[in-house]
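Here the structure comes first, spelled out in structure tokens, and everything after it is commentary.
What follows is calculated from the coordinates using simple rules that are stated; it is not laboratory data. Worth saying up front: this structure is predicted, and the values here are computed from it rather than measured. Cβ coordinates were reconstructed from backbone atoms using ideal geometry, including for glycine residues, and neighbour counts include every protein chain displayed.
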Amino acid sequence: MSALSAAGSTACGPYRRPTVVESAAAALGAALVSWAERRRVILSDWAVHEREAALRREQLDVLRSDIMGAAHSGLYIWH
């Protein structure tokens, strides 16, 4: 016969209540999973900020090269 008997209960007997240690371990595991999920969300936000910062640096480099080119060509007069 399989793990279920004819009455539908498991072969190992009736359900038993978890011990205090088992309950604490389950609560700790749930807290760790929740913490890991929140941390992953923060990291994805961090990645967006890093991408935006890299884009701003590239734009500043382009603007800097435009100003330097204009200054060297005589089109821009420094005050």
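Taking Lys and Arg as +1 and Asp and Glu as -1, the other residues whose beta-carbon sits under 14 Å from that of Leu32 total +2. Distance between the modelled labels on Thr19 and Glu37, one decimal in nanometres: 2.9 nm (7 Å Cα→Cβ projection).
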